[in-house]
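The values are calculated or read from the model by the stated rules, or taken from the named source; none is laboratory data. Since this is a predicted model, take the numbers as computed values, not measurements. So basically every Cβ, Gly included, is an ideal-geometry build from the backbone, and we count neighbours across all protein chains shown.
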């Protein structure tokens, strides 16, 4: 289970570009596999690039998409879980 | 004009106004050959722009399978562009580590500088320009870094890496000698600009030089299958991305370099095909040069039906290039190289024909006509006379 203070970072071998306002593409340079992100996934990815904690990202999602705390955190956790399974993010605890 | 081509021209842009959106809706209601549209978008390198325009503005008017196909191709293109951009950064680091100044142009550098998005252009190789004095060193470096030489021309070498996934065009000049470019490395390097590519700062051409480069490439390729609509979209997008571009100063400079007509032609082609707005002073300047209209008509007519014109093609291209150059020396140079230089100046075949001691090399100027006379008399006798003299 991801602790709220956990800081997530994109894997250093990942590069990212947006297709348009609703979709983005991630490429893992080591595996040469690519992944697509929808609009919310893209927003979360942008926040991950800023070395924010899970709690901060959940708060930003609440602001951006008018979500409640109960909605934002599970959404984030489910997404991060998928990213971790693919080895796309690394985590560290906030200082 | 086929409705598919009309639709492509309307969609090959990053900004679509109300009038154009209405035109697109009208075209989407006609009986379109979607296979032809996708094929033409691919041939002209504008599939990412087509995909983005249709997805963003008209998803309900396009068959779902077509939208999915476009999306699939766009994602694959974006992933490939990211991969190639990373390879470009590695190559630039390698060249820099060996004190070779290099300017990436077209490819990722152009996508990032004018579209602000690596996914909106298609590119299959990486173009890197180096100073002529560093060219051989850069060639050696590529050869010892996992790149295999595929072709060597007098102006560029093409390489493919060991995995076969990365093609590099290493240039010491931007164009072949017979189509002289007004852009020289040392001047481009002085005017270079910094830009970010995947978070790394790299040097590339200034916006003014980028426009001049695009104009040269468009003129060089007009009438041939190498000219893609994407090149003209780049010109249009560059004007949008850099609205403060001083076109008056650019035209003045390009005139000094013998490239004014190429710039005017390219701007007018973008205006005719894509509706790119041009400043009034450019429109007035074009009116005083009726040649520009002829050049635009030539390129416009051949852009979507290149290769269907048969044997008159090369003759027409020669005529086009004659008109597109404003200085007599630029007009005459291809003919000089083809019919004078290639006949008189000795080459490696002459040295193979007769090995002379060092210090007697001047005699090859006499040996060459004799060798050519023997060779082509023999070919004429056998009925195999070719067109290339070597």
- For the range B:205-214, enumerate the residues that are surrounded by fewer than 22 Cβ atoms within 10 Å (Cβ to Cβ) and touching a strand residue (DSSP E or B) at 6+ places or on another chain (Cβ under 8 Å). B:206, B:207
- Selection status of residue B:120, over 20 Å from the mean Cα position of the chain (by Cα), within 30 Å of residue B:202 (Cα to Cα) and within 14 Å of another protein chain (Cβ to nearest Cβ): no
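Yes/no per residue for (1) out of contact with any helix residue (DSSP H, G or I) (no Cβ under 6 Å at 6 or more places or on another chain); (2) within 14 Å of chain A (Cβ to nearest Cβ):
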{"position": "B:165", "(1), (2)": "yes, yes"}
{"position": "B:168", "(1), (2)": "yes, no"}
{"position": "B:182", "(1), (2)": "yes, no"}
{"position": "B:186", "(1), (2)": "yes, no"}
{"position": "B:193", "(1), (2)": "yes, no"}
{"position": "B:199", "(1), (2)": "yes, yes"}
{"position": "B:204", "(1), (2)": "no, no"}
{"position": "B:211", "(1), (2)": "no, no"}
{"position": "B:220", "(1), (2)": "yes, no"}
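Within the range B:138-177, considering only strands (runs of 3 or more DSSP E) that don't extend past its boundaries, which have at least 1 residues that are touching a strand residue (DSSP E or B) at 6+ places or on another chain (Cβ under 6 Å) and without any contact (Cβ under 8 Å) to a residue 24 or more places away in the chain?
Filter on the range B:138-177 gives B:147-152, B:156-161.
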- Message: I'd like to check something: does the range B:14-29 contain any residue that is under 30 Å from residue B:160 (Cα atoms) and part of a helix (DSSP H, G or I)?
- Response: no
- Message: I'd like the residue in the range A:29-38 that is under 15 Å from the mean Cα position of the chain (by Cα) and surrounded by fewer than 19 Cβ atoms within 10 Å (Cβ to Cβ) and, out of all such residues, is nearest to the other protein chains (Cβ to nearest Cβ).
- Response: A:36
- Selected residue (only one of B:94, B:38, B:84, B:54 is part of a helix (DSSP H, G or I) and in contact (Cβ under 8 Å) with a residue 60 or more places away in the chain): B:84
- Task: Residue by residue through the range B:143-163, note down the ones that are buried (at least 18 other Cβ atoms within 10 Å of the Cβ) and either in contact with a helix residue (DSSP H, G or I) (Cβ under 8 Å, 6 or more places away or on another chain) or within 14 Å of another protein chain (Cβ to nearest Cβ) (or both).
- Result: B:157, B:159
- Task: Tell me which residues, restricted to the range A:11-28, are within 11 Å of chain B (Cβ to nearest Cβ), touching a residue at least 60 places away in the same chain (Cβ under 8 Å) and closer than 24 Å to residue A:72 by Cα.
- Result: A:26
- Note on the structure: Per the filter on the range B:78-100, residues facing chain A (nearest Cβ under 9 Å) and out of contact with any helix residue (DSSP H, G or I) (no Cβ under 6 Å at 6 or more places or on another chain) are B:79, B:80, B:82, B:83, B:86
- Task: Report yes if residue B:119 is free of Cβ contacts under 8 Å to residues at least 60 places away in the same chain, in contact with a helix residue (DSSP H, G or I) (Cβ under 9 Å, 6 or more places away or on another chain) and either over 20 Å from residue B:98 (Cβ atoms) or part of a helix (DSSP H, G or I) (or both), otherwise no.
- Result: no
- Task: Enumerate the helices (runs of 4 or more DSSP H) found wholly within the range B:259-360, keeping only those where 1 or more residues are at pLDDT 90 or above and surrounded by fewer than 17 Cβ atoms within 10 Å (Cβ to Cβ).
- Result: B:260-274, B:280-287, B:290-303
